[in-house]
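Here the structure is laid out as structure tokens; the discussion comes afterwards.
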Amino acid sequence: MLSSVQKSDFEKDGYLVVENVVDQHAVLDPIRLEYAALLDTLYEGWRKQGLVAAALETAGFEDKLLAAYRAGCDWFQPMDISLPADRIEADTPMHFGQAVFNLVTAPALLDLVEDLIGPEITSNPIQHVRIKPPADQLQGDEVRAHITATDWHQDRGVTLEEADNTNMVTVWVAVSDATLDNGCLQVIPRAHHDGMKPHCPKTQTAIADGFIDETAARPLPVKSGGVVIFHPLTPHASRINTTDGFRWSFDLRYNVTGQPTGRAHFPSFVARSKAVPQDVVTSHLVWKQLWEQARDQLASRPHVNIHRWSAGSPACA
């Protein structure tokens, strides 16, 4: 539960860091095991294709991730908890396991969200896993936000207009410690009071040049199990990972049930409800099926553009 001071700070500053929210033994350790098993399966498939060498029995999770990245094998999309923004095929991989569902619906997380948006909570489909390699291992043309540093943006700016009035918060969950050196988040405090900034399709969808004061940036290191909660209009970015290890987090969003999610073509679900408790989804298999059904439908339709901003707008000139 958030104190009155924490709630006030969130309203004033547009973000809140809360340590020791997610239980290591009950929630994060199962996620680590689930992803290790998933990577083992992926790695064996790549080995059979001759894309990677046989993994040493002593090779750890990060060693295999790095070897796969160097070999050009895509582990991000098969590990992500969303479909991609680009073209979706009938076999586009994604991951919706029990351990991740337990994180998304963790009572400790939902308690924090309830303190900010109320008890009718929908799990928003704009959600991702972020497992960032060391910067010195990246390919020279790497631009993907889940792999390298993230440009300055507002979460409301990277949703569709339908959600511009939705009461929503982002909960960024640290699986590994997020530090100044390995690429923790940074925010512009209190800038959410200034409203929506124009965004441009740069390397990533990012706030147009000159619309924020980057010298006011505040880095937000947080320990494993801690979270950063921020307002959808809070400008934020992630720093570069200058260490020799990976930085691992989940980027989750929640909104008031019944309000637009900003991704109408992706499935959401009711994570908590006092008014209609029978609507709450309690099985990861239901969650998984919702995404599989969405994938089947989207694979047979024209691509849905999730970006509202044009490079030809005056702010992007």
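The values are calculated or read from the model by the stated rules, or taken from the named source; none is laboratory data. Being a predicted model, the structure only gives us computed values, none of them experimental. Cβ sites come from the backbone with ideal geometry, for glycine too, and all protein chains shown count toward neighbours. Side chains included, ligands, DNA and RNA excluded: accessible areas come from the protein's heavy atoms. Shrake-Rupley method; radii C 1.70, N 1.55, O 1.52, S 1.80 Å.
Brief remarks follow.
- Residues in the range 77-91 that are open to solvent by less than 20 Å² (accessible area, probe 1.4 Å) and in contact (Cβ under 8 Å) with a residue 60 or more places away in the chain were compared, and the one that is farthest from Trp287 (Cα to Cα) is Ile88.
- Scanning the range 106-118 for residues that are open to solvent by 20 Å² or more (accessible area, probe 1.4 Å) and within 16 Å of Thr282 (Cβ to Cβ) yields one hit, Pro107.
- Val171 vs. criteria at pLDDT 95 or above and either surrounded by fewer than 19 Cβ atoms within 10 Å (Cβ to Cβ) or assigned to a strand (DSSP E or B) (or both): yes
Matching residues to (1) in a helix (DSSP H, G or I); (2) without any contact (Cβ under 8 Å) to a residue 12 or more places away in the chain; (3) under 18 Å from the mean Cα position of the chain (by Cα):
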| position | (1), (2), (3) |
| --- | --- |
| Lys7 | yes, no, no |
| Lys12 | yes, no, no |
| Asn20 | no, no, no |
| Glu44 | yes, yes, no |
| Asp63 | yes, yes, no |
| Met94 | no, no, yes |
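- Criterion: touching a residue at least 24 places away in the same chain (Cβ under 8 Å), in a loop (DSSP other than H, G, I, E, B), in contact with a strand residue (DSSP E or B) (Cβ under 6 Å, 6 or more places away or on another chain) and among the charged types (D, E, K, R) - qualifying residue of Arg263, Arg308, Arg253: Arg263
- The residues of the range 66-76 that are open to solvent by less than 40 Å² (accessible area, probe 1.4 Å) and part of a helix (DSSP H, G or I), listed by number, are Leu66, Ala67, Ala68, Tyr69, Phe76.
- Of all residues in the range 273-296 being more than 26 Å from Asp80 (Cβ to Cβ) and in contact with a Pro (Cβ under 8 Å, 6 or more places away or on another chain), the one that is most open to solvent (accessible area, probe 1.4 Å): Lys274
- If you go through the range 18-54 and pick out every residue that is open to solvent by 50 Å² or more (accessible area, probe 1.4 Å) and among the aliphatic types (A, V, I, L, M), you end up with 6.
- Qualifying residues in the range 190-243 (those that are in a strand (DSSP E or B) and open to solvent by 60 Å² or more (accessible area, probe 1.4 Å)) - the one modelled with the highest pLDDT: Arg218
- Matching residues in the range 305-317 - criterion: being exposed (fewer than 14 other Cβ atoms within 10 Å of the Cβ) and among the aliphatic types (A, V, I, L, M): Ala311, Ala317
- The range 176-189 - residue that is surrounded by fewer than 18 Cβ atoms within 10 Å (Cβ to Cβ) and not charged (D, E, K, R) and, of those, farthest from Thr242 (Cα to Cα): Pro189
- Residue identified as among the hydrophobic types (A, V, I, L, M, F, W, C) and either in contact with an Asp or Glu (Cβ under 8 Å, 6 or more places away or on another chain) or free of Cβ contacts under 8 Å to residues at least 12 places away in the same chain (or both) among Ala216, Ala206, Ala294: Ala206
- Counting the residues of the range 91-135 that are touching a Gly at 6+ places or on another chain (Cβ under 9 Å) and of a type in the set (A, V, I, L, M) gives 2.
- Residue check, Asn182 under 25 Å from Leu28 (Cα atoms), under 20 Å from the mean Cα position of the chain (by Cα) and assigned to a loop (DSSP other than H, G, I, E, B): yes
- Selection of first residues in the range 123-149 that are in a strand (DSSP E or B) and of second residues that are modelled with pLDDT under 80 and open to solvent by less than 10 Å² (accessible area, probe 1.4 Å), restricted to Cβ pairs under 8 Å at least 6 apart or on distinct chains, gives the following pairs, ordered by first then second residue: Lys132/Ile147.
Residue by residue, here is whether (1) modelled with pLDDT under 90; (2) closer than 27 Å to His284 by Cα holds:
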{"site": "Val104", "(1), (2)": "no, yes"}
{"site": "Pro133", "(1), (2)": "no, no"}
{"site": "Leu138", "(1), (2)": "yes, no"}
{"site": "Asp141", "(1), (2)": "yes, no"}
{"site": "Ala149", "(1), (2)": "yes, no"}
{"site": "Trp152", "(1), (2)": "no, no"}
{"site": "Thr179", "(1), (2)": "no, no"}
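- Odd one out for Glu57 among (1) modelled with pLDDT of 95 or more; (2) loosely packed, with under 12 Cβ neighbours inside 10 Å: (1)
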